[in-house]
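Worksheet: one structure, shown below.
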Amino acid sequence: MIRKLLIANRGEIAVRLIRACAEMGITSVAVHTDADRHALHVKKADEAYAIGPDSLGGYLSIHRLISVAHAAGCDAVHPGYGFLSENADFAAACAARGFIWVGPDAGVIRRMGDKVAARQAMIEAGVPVTPGSEGNLETLEAALEAAEAIGYPVMLKATSGGGGRGIRLCEDPDALRRNFDRVRSEATRAFGSTEIFLEKAVVNPRHIEVQILADTHGNAVHLYERDCSVQRRHQKLIEIAPSPQLSEAQRERLGTLAVTAAQAVGYQNAGTVEFLMDGDDTFYFMEMNTRLQVEHPVTEMITGVDIVQEQLRIASGDPLRYDQSQITRRGFAMEFRINAEDPTNDFLPSFGRITRYFAPGGPGVRTDGAIYTGYEIPPHYDSMCAKLICWALEWDDLLTRSNRALRDMGVFGVKTTIPYHLAIVNHPDFRRADFNTGFIPDHPELTDLPAKRSERQLAVAIAAAIAAHHGL
């Protein structure tokens, strides 16, 4: 078993990993930049080490992270998600220096991170993929020719892309001409590669992903699916497990396809196979995420499986503790990404000091966060500051509980997406489980939120009410 783990990340995922270590008797080692010296993961870890003043570069420096792992006497490294979590060079460097990498090996990360190579691997495994270009596109002319053969609309994508970046919808040849250089530029800035490819666009699909676990002994299982269709600009806002939009037959087929995909590439550890489901209920492979997902808690809530602890056991060489027939699901779970953003002002980031914070509780409610009263949210990182996860036996009960928990949650001092989530949860289409990736753009009225008085205005109103009550 792993004895001492370097957590090469920050924020709520670092806190989540620290908690898993505490339950397993593993010493947790955190890292932090100067901007994060008062962060919650620094306070909770058994040990914490500074990695420099560079707000972003420290978490992206393979050399610094490995140096800390060596100095602290760690025997393993967990990359979390984001940053270097799907960086094959980081995984290879850790392995070369004798550290256990908590995730798939560098070869699998590299292969599945290349969207063209991943498509080819799935085709060879018999997993359905959307029609697309044969390999990367070197010129605009090649892209236009491929799009003509496939048929518009098409999606122009960065080959090394992820996280919703480096993607443009092209409805016609003129749009393809406008976006070709833009996507190449985005791909270069975000992923250090100019390679792009093209796929047939599945318009307003359902975005369904399947959680898998695979050990080093040839065993692989799925933990059912998550519905990630509620998105804004390709960024997930709400995730649900299992999908309320699938039949049992569809659920079983997706799980089988996901395990087939994992075994076809020799996958080990936790991963996610993502699919698009069109209006005819046909599934297409989208991509494979070779890391822990932000939305993993909803799967944990319906299965009772601690995915992070399973990651650590698999990395230690242990076989899976159960086969597919032993994995059961119960009820529905939903995760809300609580971002420090202003939904009424085009989701402008709202960084600053948390003046008061109240986490909701009660049956079936879980909060994974990295904030506390007095914490200063730094402007250098992602705006997500917490995740609210709710569970209930029935879909209608989940909606009611989620509505209550969102209203119970209090984050003061900054703007958050809590009111926006409330608007979504109470929308009739969402409550009927009738949504796809077009839900957010099709409902711009969701940002027409009621005005909320500031804390100062509220304090003045309360003081005036007290004065009036006492006749002052």
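Counting only residues that are outside any loop (DSSP other than H, G, I, E, B) and small (Gly, Ala, Ser), which one in the range 123-141 is surrounded by the fewest Cβ atoms within 10 Å (Cβ to Cβ)? Spell out how you get there, then give the answer.
Step one: list which residues in the range 123-141 are outside any loop (DSSP other than H, G, I, E, B), which gives 123-125, 129, 132, 140-141.
If we keep only those that are small (Gly, Ala, Ser) too, we end up with 125, 132.
On the way: Ala125: 15, Gly132: 19.
Filtering the range 123-141 for residues that are outside any loop (DSSP other than H, G, I, E, B) and small (Gly, Ala, Ser), the one surrounded by the fewest Cβ atoms within 10 Å (Cβ to Cβ) comes out as Ala125.
Among the candidates Arg111, Arg119, Arg182, Arg178, which residue alone is under 22 Å from Asp281 (Cα atoms), of a type in the set (Lys, Arg) and either crowded, with 18+ Cβ neighbours inside 10 Å or not assigned by TED's automatic domain parsing to the domain that holds Met288 (or both)?
Only one candidate passes the filter, namely Arg119.
In the set Leu169, Leu176, which member is in contact (Cβ under 8 Å) with a residue 12 or more places away in the chain and assigned to a strand (DSSP E or B)? Steps first, answer last, please.
On the way: Leu176 fails: assigned to a strand (DSSP E or B).
Criteria check complete, one pass: Leu169.
How many residues, within the range 131-171, are farther than 15 Å from Thr188 by Cβ, more than 25 Å from the chain's Cα centre (by Cα) and not small (Gly, Ala, Ser)? Steps first, answer last, please.
Let us first name the residues in the range 131-171 that are farther than 15 Å from Thr188 by Cβ, namely 131-135, 139-155, 163-164, 169-171.
If we keep only those that are more than 25 Å from the chain's Cα centre (by Cα) too, we end up with 131-135, 139-153, 170-171.
So of that shortlist, the ones also not small (Gly, Ala, Ser) come out as 131, 134, 139-141, 144-145, 148, 150, 152-153, 170-171.
Counting residues in the range 131-171 that are farther than 15 Å from Thr188 by Cβ, more than 25 Å from the chain's Cα centre (by Cα) and not small (Gly, Ala, Ser) gives 13.
Just the residues that are aliphatic (A, V, I, L, M) and surrounded by fewer than 24 Cβ atoms within 10 Å (Cβ to Cβ), please, taken from the range 73-108. Working first, answer last.
Residues of the range 73-108 aliphatic (A, V, I, L, M): 76-77, 84, 88, 91-93, 95-96, 100, 102, 106, 108.
Scanning the range 73-108 gives Ala76, Leu84, Ala88, Ala92, Ala93, Ala95, Ala96, Ile100, Ala106, Val108.
So how many residues does the range 161-177 have that are more than 27 Å from Arg111 (Cα to Cα) and basic (Lys, Arg)?
The qualifying residues number 1.
Within the range 142-163, is even one residue assigned to a strand (DSSP E or B) and touching a Cys at 6+ places or on another chain (Cβ under 7 Å)?
Initial filter on the range 142-163 (assigned to a strand (DSSP E or B)): 154-162.
Adding the requirement that they be touching a Cys at 6+ places or on another chain (Cβ under 7 Å) leaves 154, 156.
Yes, because at least one residue in the range 142-163 is assigned to a strand (DSSP E or B) and touching a Cys at 6+ places or on another chain (Cβ under 7 Å).
Against the definition (among the aromatic types (Phe, Trp, Tyr), surrounded by 17 or more Cβ atoms within 10 Å (Cβ to Cβ) and either touching a residue at least 40 places away in the same chain (Cβ under 8 Å) or assigned to a helix (DSSP H, G or I) (or both)), how does Tyr49 come out, yes or no?
Values: among the aromatic types (Phe, Trp, Tyr): yes; surrounded by 17 or more Cβ atoms within 10 Å (Cβ to Cβ): yes; either touching a residue at least 40 places away in the same chain (Cβ under 8 Å) or assigned to a helix (DSSP H, G or I) (or both): no.
Considered against the rule, which asks whether it is among the aromatic types (Phe, Trp, Tyr), surrounded by 17 or more Cβ atoms within 10 Å (Cβ to Cβ) and either touching a residue at least 40 places away in the same chain (Cβ under 8 Å) or assigned to a helix (DSSP H, G or I) (or both), Tyr49 comes out as no.
State yes or no: is Ala30 crowded, with 21+ Cβ neighbours inside 10 Å, closer than 25 Å to His296 by Cα and free of Cβ contacts under 8 Å to residues at least 24 places away in the same chain? Steps first, please.
Details: crowded, with 21+ Cβ neighbours inside 10 Å: yes; closer than 25 Å to His296 by Cα: yes; free of Cβ contacts under 8 Å to residues at least 24 places away in the same chain: yes.
So Ala30 fits the description; yes.
What number of residues within the range 309-357 satisfy the criterion of being farther than 22 Å from Leu257 by Cβ and out of contact with any Leu (no Cβ under 8 Å at 6 or more places or on another chain)?
Of the residues in that region, 23 qualify.
What are the residues in the range 407-452 that are in contact with a strand residue (DSSP E or B) (Cβ under 7 Å, 6 or more places away or on another chain) and in a loop (DSSP other than H, G, I, E, B), if any?
Hits for the range 407-452 are Met409, Gly413, Lys415, Thr416, Thr417, Phe435, Asn436, Thr437.
May I ask you to list the residues in the range 179-196 that are under 22 Å from the mean Cα position of the chain (by Cα) and not in a helix (DSSP H, G or I)?
Result: Gly192, single match.
The values are calculated or read from the model by the stated rules, or taken from the named source; none is laboratory data. Everything numeric here is computed off the predicted structure, so don't read it as measured data. When we count neighbours, we look across all protein chains shown, and the Cβ atoms used for this are built from the backbone with ideal geometry, even at glycine.
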